[in-house]
Each structure stands twice: as structure tokens, then as C-alpha cells.
Amino acid sequence: QVQLVESGGGSAQAGGSLRLSCAASGSGFRIYTMGWYRQAPGKQRELVATITSGGSTNYADSVKGRFTISRDNAKNTVYLQMNSLKPEDTAVYYCHAGFIGVNSWGQGTQVTVSS
């Protein structure tokens, strides 16, 4: 399986910004669909954003216009730029890699937004 390591979480004020990174192991990164998911306390894990190998993106309605997912295949890294943060964005954010025979999750990184 692919090893995924997230970084960049932390605390921010409402209206602020954070950038998450997820570094993947191995040589197959460029063909994976990469995604960011989040899980708030007492809630189910939910999709935040995905990006395909061709660069097509998809976002949850709650983050459209505020978050941007991108990838750098040369660095085996996917990013999540989070702007105009809201307290309801507080959650553990997980990176995911998907493809035939690949279904890998990172360990998660905490994002806390205070009002």
C-alpha cells in the first residue's frame, strides 16, 4: 500500500488560512486520484475535495470557493489550500489515495479554527 504523510495542520482564527500537504510514497502517485476528507468529533468522515490524475477537481459544497486542492506529481504531493476558514471547518483532515488495488489513508492532521 501507499504510505501517506500529512502535514500543515494547526490552529487558525476564523477568516484565516492554512495549507495542508500530503506526501505519498512509491512511484505510482501520478495515476492516483487523491483526496482530502475530514472528520469532526461525533460526526462521520466526509469528503472535502478530490483531484484526479488528469487534474479534474471536485469539492464539497461547504468548501467551494474557499478551499483549493492541487497536486505536484514531481514531488508526489497533494495540497489543500484552505482560506476563509470557519469554526465548522474544525476536524481531523485525512489524505486518501485511490486507484485499482490502492485504497490508502494518511494518519490525519488536526485543524482547529477559533471564532
Spread of Cα-to-Cα distances over 10 Å intervals beginning at zero, given as percent, for the chain: 15, 51, 28, 6, 0
Percent accessible area from carbon and sulfur atoms, the chain, protein chains only, probe 1.4 Å: 48 percent
At 1.306 mPa s and 10 °C, Stokes D of the range 17-68 from Kirkwood alpha-carbon radius, µm² per second: 127 µm²/s
5 angstrom amide H check on residue 90, placed H, neighbours 5+ away: 113
DSSP loop trypsin sites (Lys or Arg not before Pro) with at most 14 other Cβ within 10 Å: longest gap in the chain: 65-115
Vicinal HN-Hα couplings computed from phi for the range 44-58 (Karplus, 6.51 cos²θ - 1.76 cosθ + 1.60; Hz; Gly/Pro x): 6, 5, 10, 5, 9, 6, 9, 9, 7, 4, x, x, 6, 10, 9
Cβ-based charge dipole, the chain, positive-most Cα from 91, 47, 70: 70
Charge dipole magnitude, Cβ of K and R +1, D and E -1 - the chain, Cα centre, debye nearest 20: 100 debye
Relative contact order [Cα under 8 Å, 6+ residues apart], the chain, whole percent: 37 percent
Pairwise Cα inverse-distance average, inverted: Kirkwood Rh of the range 56-104 (Å): 12.7 Å
For the chain, accessible area per residue (1.4 Å probe, heavy atoms of protein chains only), Å²: 51 Å²
Residue 86-residue 52 pseudo-label distance in nm [points 7 Å out on the Cα-to-Cβ vector]: 2.8 nm
Efficiency of FRET between residue 112 and residue 31 - r from beta-carbon atoms, R0 41 angstrom, step 0.05: 0.75
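The values are calculated or read from the model by the stated rules, or taken from the named source; none is laboratory data. As the structure is a computational prediction, the values presented were derived from the model and not from experiment. Note that we place each Cβ from the backbone using ideal geometry, even for glycine, and neighbour counts take in every protein chain shown. Please note that ligands, DNA and RNA were not included when accessible areas were found on the heavy atoms of the full protein model with its side chains. Shrake-Rupley method; radii C 1.70, N 1.55, O 1.52, S 1.80 Å.
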